[in-house]
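Notes to accompany the following structure.
Please treat every number below as a calculation from the coordinates, not as lab data. Here the structure is a predicted model, which is why all the values come from computation and not from measurement. When we count neighbours, we look across all protein chains shown, and the Cβ atoms used for this are built from the backbone with ideal geometry, even at glycine.
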Amino acid sequence: MIKATIYVTLKPEVLDPQGKVIKTALDTLGYHNVKEVRASKMFEVTIDSETDTIEKEINEICDKVLANPNIETYTFKIHD
Amino acid sequence: MKYNIIIFPGSNCDYDAYYITRHIMGDEAEYIWHKDTSLKNPDCIIIPGGFSYGDYLRAGAIAKFSPIMREVIAFAKKGGLVMGICNGFQVLTETGLLPGALMLNRSLLFICKHQYVKVVNTRTPFTRKIMQETILDIPIAHNEGNYFIDDDGLKALQDNDQIVFQYCDKDGFVNDESNPNGSLLSIAGIVNKKKNVLGMMPHPERSSDPILKVTDGQQIFKSIKHFIKK
């Protein structure tokens with residue numbers, strides 16, 4: 001079993017109103033030094049797979065399902 | 001003419017679409033369950049509004065994998081008419097039948113209200129009986145209606161005459177004030193390059209019953225009927 005942590009984030013050019021509101025909330029709480037917040041999604045996926053095919057499989061899963069390529073990009077970490 | 005109305009778990013505007021097409025427009029209409037593997041001879045498919053699969057992952061993201069979508073995509077590729085309303089528009093962008101994506105409203109609020117839209121393209125089967133620049137009163141009810149596409153995509157939409165509806169005020173001015181959700185260029189609805197697939201965030205089926213006084217949405221259904229019957 002291989003565990004992977006996948007981060008799906010909005011592309012930098014895409015407006016993130018959730019991130020903006022979170023930053024405003026932090027500002028209200030006195031954290032004036034927080035300059036920007038971007039909210040992302042994190043998926044923990046456990047796959048029964050081989051180490052030499054796992055990256056290709058995760059890329060496919062991300063491209064087909066987890067991320068919308070119009071507005072999102074992704075990165076992932078594979079845990080041994 | 002005959003409509004097929006696709007129902008996913010979580011769709012909730014299917015009955016309104018059926019009621020208007022069947023009982024107000026007088027056309028044939030049938031429901032198609034998302035797990036079915038064949039359509040029922042439609043002239044036009046409606047993918048109705050609602051919250052298919054609870055909007056899990058992203059609105060419309062899971063619905064695109066339902067068995068019936070294979071048939072819907074094949075039908076669209078052969079030139080058949082497909083109309084995605086609200087969640088239906090989201091499903092169509094997720095399947096790739098329409099370009100771009102629908103994102104969270106910039107206000108982060110679910111917006112439910114009457115909305116004016118301007119018909120900026122009457123060269124589609126869905127708008128051919130409407131005069132250019134007509135202002136229609138069609139309600140919106142959505143949390144993810146903020147249309148986005150990258151710069152190249154936007155240029156393609158404009159070059160190929162694919163923008164159909166834009167949010168506007170009662171006088172037809174398309175501007176930031178009259179844009180309810182932050183949509184790029186106030187886009188409320190688009191078609192694909194071949195103009196046989198329409199996606200729109202407003203609900204024309206909520207603006208077609210005479211008992212509700214405003215029936216601007218009927219003009220879209222009349223256009224479809226005119227196109228099919230020609």
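Annotations
- For the segment B:98-110, counting C-beta atoms of other chains within 10 Å of every residue's C-beta and taking the mean gives 3.
- Peptide A:10-18, shielding by other chains (average Cβ, 10 Å cutoff): 4
- Taking chain B and dividing mean pair separation by its residue count, relative contact order in percent (alpha carbons under 8 Å, at least six apart): 20 percent
- Those lysines that a straight Cα-Cα span of less than 22 Å connects to B:Lys170, excepting residues fewer than 8 apart in one chain: B:Lys113, B:Lys118, B:Lys129, B:Lys213
- Cβ crowding within 10 Å averaged over residues, with A:32-40, B:15-23, B:32-40 ranked highest first: B:15-23, B:32-40, A:32-40
- For the stretch B:99-110, the Karplus equation 6.51 cos²θ - 1.76 cosθ + 1.60, evaluated at θ = phi - 60°, returns couplings of x, x, 8, 9, 10, 4, 3, 5, 7, 6, 9, 6 Hz by residue, with Gly and Pro reported as x.
- Between helix A:17-28 and chain A there is an angle of about 50 degrees, using the helix long axis and the longest principal axis of the Cα atoms.
- DSSP bridge pairs, the protein assembly as shown: antiparallel proportion in percent, nearest 5: 65 percent
- Taking a ≥ b ≥ c as the square roots of the eigenvalues of the Cα gyration tensor, an a/c ratio of 1.5 or more together with a/b no larger than b/c marks the stretch B:118-192 as oblate.
- Rounded if a/c under 1.5, otherwise prolate or oblate - the stretch B:2-229, Cα gyration tensor axes: rounded
- The H on the amide N of B:Ile5, modeled in the peptide plane, is under 5 Å from the matching H of B:Glu30, B:Tyr31, B:Ile32, B:Ile46, each at least 5 residues off or on a different chain.
- Whether the protein assembly as shown is rounded, prolate or oblate, judged on the alpha carbon gyration tensor where a/c under 1.5 counts as rounded: oblate
- The packing ranking of peptides B:216-228, B:193-205, B:110-122, highest mean first, is B:193-205, B:216-228, B:110-122, where packing means the average number of other beta carbon atoms within 10 angstrom of each residue.
- Packing-based ranking of A:59-70, B:47-58, B:134-145, A:19-30 yields B:47-58, B:134-145, A:59-70, A:19-30, ordered from highest to lowest mean Cβ neighbour count within 10 Å.
- Distant-in-sequence amide contacts of B:Tyr147, defined by a placed amide H-H separation under 5 Å and a gap of 5 or more residues or a different chain, comprise B:Met103, B:Ser183, B:Leu184.
- Dipole of chain B [Lys/Arg +1, Asp/Glu -1 at C-beta], most positive-end residue of B:Asn179, B:Ser38, B:Leu212: B:Ser38
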